[in-house]
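Asks: Before we start, here is the structure in question, set down as structure tokens.
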Amino acid sequence: MATFSPGFRGRPRSSDVRLPPGQYETFDFPVLSAGPTPRVSRDTWQFTVTTEAGTAHAWSWTDLMALPSERPTVDLHCVTKWSKFETHWQGVSLDLLLQDVETAADYALVHSYGGYTTDLPLEDLLDGQAWIAYGYDGEDVTPEHGGPARLLVPHLYLWKSAKWVRGIQLLLEDEPGFWESAGYHDYGDPWREQRYQGD
Ligand SMILES: Nc1nc2c(c(=O)[nH]1)N[C@H]1C(S)=C(S)[C@@H](COP(=O)(O)O)O[C@H]1N2
Ligand SMILES: [Mo]
């Protein structure tokens, strides 16, 4: 498929440019879960943002569906070294969910149904970088991939994209989540290959 003229010989192919260091491209969609898949009913599903002052902002499934959604197409990068290009999602931007939340917090600890947690700077959830995603490839997000809804933060390693998301706790001080407590990097930028603490 690729053709090379002498002048272009040393030039990276487009897939190399899109592939962070140490990653390979995969075409299937692996499932990586630290525990069993929780079955969460849309009737009882809630997404709650809690501020450092203890104020809670909650959305039911009906509330979420009533909000305008976006359809981001993004590349995914898992710390186990697979990357998947051009994945199609539908979800609500965190900019919209956080716009009326008053906070001085710099950090977010994301909580999932089932107990999984992951932490990241609050600013990484803003400016069009993160969504509460409920659609994948024109279908509902399947339970294995985090349905009814998962966090999607594609510019960081995929362990930050908490499946079965149930809330975000806003914090003045960073608190490590599940993998971050187990030796994985606090931030997890795939382009700087921040896989483990100290990378
Ligand atoms: N709640 C929850 N979210 C999670 C995980 C998990 O175990 N539990 N695994 C993380 C990891 S390590 C990865 S690579 C991605 C995998 O998403 P996928 O199963 O849809 O590929 O989910 C992330 N979100
Ligand atoms: Mo992962």
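The values are calculated or read from the model by the stated rules, or taken from the named source; none is laboratory data. Values in this document were obtained by computation on a predicted structure and should not be read as measured data. Glycine gets a Cβ as well: all are built from the backbone with ideal geometry, and neighbour counts include every protein chain shown. Please note that ligands, DNA and RNA were not included when accessible areas were found on the heavy atoms of the full protein model with its side chains. Shrake-Rupley method; radii C 1.70, N 1.55, O 1.52, S 1.80 Å.
Asks: Taking segment 145-168 only, how many residues are open to solvent by less than 10 Å² (accessible area, probe 1.4 Å), within 16 Å of ligand 2 (Cβ to nearest atom), of a type outside the set (Val, Ile, Thr) and not in a strand (DSSP E or B)?
Replies: Matching residues across segment 145-168 total 6.
Asks: Now for a different question. What is the one condition in (1) open to solvent by 60 Å² or more (accessible area, probe 1.4 Å); (2) within 13 Å of ligand 1 (Cβ to nearest atom) that Pro176 does not satisfy?
Replies: If we test Pro176 against (1) open to solvent by 60 Å² or more (accessible area, probe 1.4 Å); (2) within 13 Å of ligand 1 (Cβ to nearest atom), just (2) comes out false.
Asks: When you go through (1) in a strand (DSSP E or B); (2) within 16 Å of ligand 2 (Cβ to nearest atom) one by one for Tyr134, which number turns out not to apply?
Replies: Every listed condition holds for Tyr134 apart from (2).
Asks: Only residues that are in a strand (DSSP E or B) and away from ligand 2 (no atom under 13 Å from the Cβ): list them for segment 169-195, please.
Replies: Gln169, Leu170, Leu171
Asks: Check Val101 against each of (1) more than 16 Å from ligand 1 (Cβ to nearest atom); (2) touching a residue at least 40 places away in the same chain (Cβ under 8 Å); (3) open to solvent by 40 Å² or more (accessible area, probe 1.4 Å); (4) out of contact with any helix residue (DSSP H, G or I) (no Cβ under 9 Å at 6 or more places or on another chain) and name the one condition it does not meet.
Replies: All conditions are met except number (3).
Asks: So, one more: Here is a list of conditions, (1) open to solvent by 20 Å² or more (accessible area, probe 1.4 Å); (2) among the polar types (S, T, N, Q); (3) touching a residue at least 40 places away in the same chain (Cβ under 8 Å), and Thr142 meets all of them except one; can you say which number that is?
Replies: Just one mismatch for Thr142, condition (3).
Asks: Suppose we filter Pro154, Pro190, Pro121, Pro143 for residues that are within 15 Å of Ser33 (Cβ to Cβ) and either touching a Phe, Trp or Tyr at 6+ places or on another chain (Cβ under 6 Å) or at pLDDT 95 or above (or both); which single one remains?
Replies: On the way: Pro154 fails: within 15 Å of Ser33 (Cβ to Cβ); Pro190 fails: within 15 Å of Ser33 (Cβ to Cβ); Pro121 fails: within 15 Å of Ser33 (Cβ to Cβ).
So the residue among Pro154, Pro190, Pro121, Pro143 that is within 15 Å of Ser33 (Cβ to Cβ) and either touching a Phe, Trp or Tyr at 6+ places or on another chain (Cβ under 6 Å) or at pLDDT 95 or above (or both) is Pro143.
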